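These notes concern the structure reproduced below.
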């Protein structure tokens, strides 16, 4: 009987974003990484330098692609490939351009989304987001068994994947928080996901902030 094949993949949330007006940026263009975000991305790159990362899949949105490129600069030839499977949640298009404090009166369907993601036609269910995140992960498992790969996405898709794995109800989507620059370590045995471990930016080496920042992303 052959030994089990153990593969560790990483599901990474893009790093901190330059957002001077403090809006929810969703799918909007021209939201690159902030200086803090670039530092976070370099910390991630240093973290992954010791792993056998063979390929990076990323959302095509600027903040995710920039995170991927900085990480790749620390690795030995791992290509970066964009895929819409990792793009921001569809509901982000409804919220984008609005400050968080204005959401309740300018985007009232947010209350429905918070109570039950996927109920609205313009929203995505937990299962739908999980299925698309799972596709590039599955390609990494099939192409590089026993090695490593990275997928870079956004808050809601990552948390949907986490919620489904933990068999939590849909409204738990926003109770599990993968911070910008944080990641999920996914440990597979013979292609089956066995454990998920969350690594916060601080646990990866980011200095503790003097004061908490407002997460104005839906991203």
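Tabulated data for the structure shown
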read-out	value
All positions within region 41-86 that are modelled with pLDDT under 95 and more than 22 Å from residue 198 (Cα to Cα)	76, 77
Filtered residues of region 84-106 (kept if part of a loop (DSSP other than H, G, I, E, B), buried (at least 18 other Cβ atoms within 10 Å of the Cβ) and either touching a helix residue (DSSP H, G or I) at 6+ places or on another chain (Cβ under 6 Å) or at positive phi (or both))	89, 91, 98
Per-region count, region 177-200, residues under 14 Å from residue 157 (Cα atoms) and surrounded by 17 or more Cβ atoms within 10 Å (Cβ to Cβ)	6
Residue match in region 128-141 (condition: surrounded by fewer than 19 Cβ atoms within 10 Å (Cβ to Cβ), at pLDDT below 95 and more than 22 Å from residue 67 (Cα to Cα))	no
From 79, 60, residue being surrounded by fewer than 17 Cβ atoms within 10 Å (Cβ to Cβ) and touching a helix residue (DSSP H, G or I) at 6+ places or on another chain (Cβ under 7 Å)	60
Extreme residue, farthest from residue 65 (Cα to Cα), among residues of region 107-116 that are in contact (Cβ under 8 Å) with a residue 40 or more places away in the chain and not in a loop (DSSP other than H, G, I, E, B)	115
Pairs with Cβ under 7 Å, 6+ apart, first in region 20-34 and more than 20 Å from residue 69 (Cα to Cα), second modelled with pLDDT under 95 and surrounded by 19 or more Cβ atoms within 10 Å (Cβ to Cβ)	24/217; 24/218; 25/217; 25/219; 26/218; 26/219
Test: residue 56 is in a helix (DSSP H, G or I) and touching a residue at least 60 places away in the same chain (Cβ under 8 Å)	no
Residue in region 145-153 that is assigned to a helix (DSSP H, G or I), modelled with pLDDT of 95 or more and touching a strand residue (DSSP E or B) at 6+ places or on another chain (Cβ under 9 Å) present	no
Check on residue 158, touching a strand residue (DSSP E or B) at 6+ places or on another chain (Cβ under 8 Å) and in contact (Cβ under 8 Å) with a residue 12 or more places away in the chain	yes
Cβ pairs under 6 Å, 6+ apart, first in region 90-103 and under 17 Å from residue 31 (Cα atoms), second in a helix (DSSP H, G or I)	98/106
Options 70, 53: the member that is touching a helix residue (DSSP H, G or I) at 6+ places or on another chain (Cβ under 9 Å) and surrounded by 22 or more Cβ atoms within 10 Å (Cβ to Cβ)	53
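The values are calculated or read from the model by the stated rules, or taken from the named source; none is laboratory data. Since the model is a prediction, treat every value here as computed from it, not as a measurement. Note that we place each Cβ from the backbone using ideal geometry, even for glycine, and neighbour counts take in every protein chain shown.
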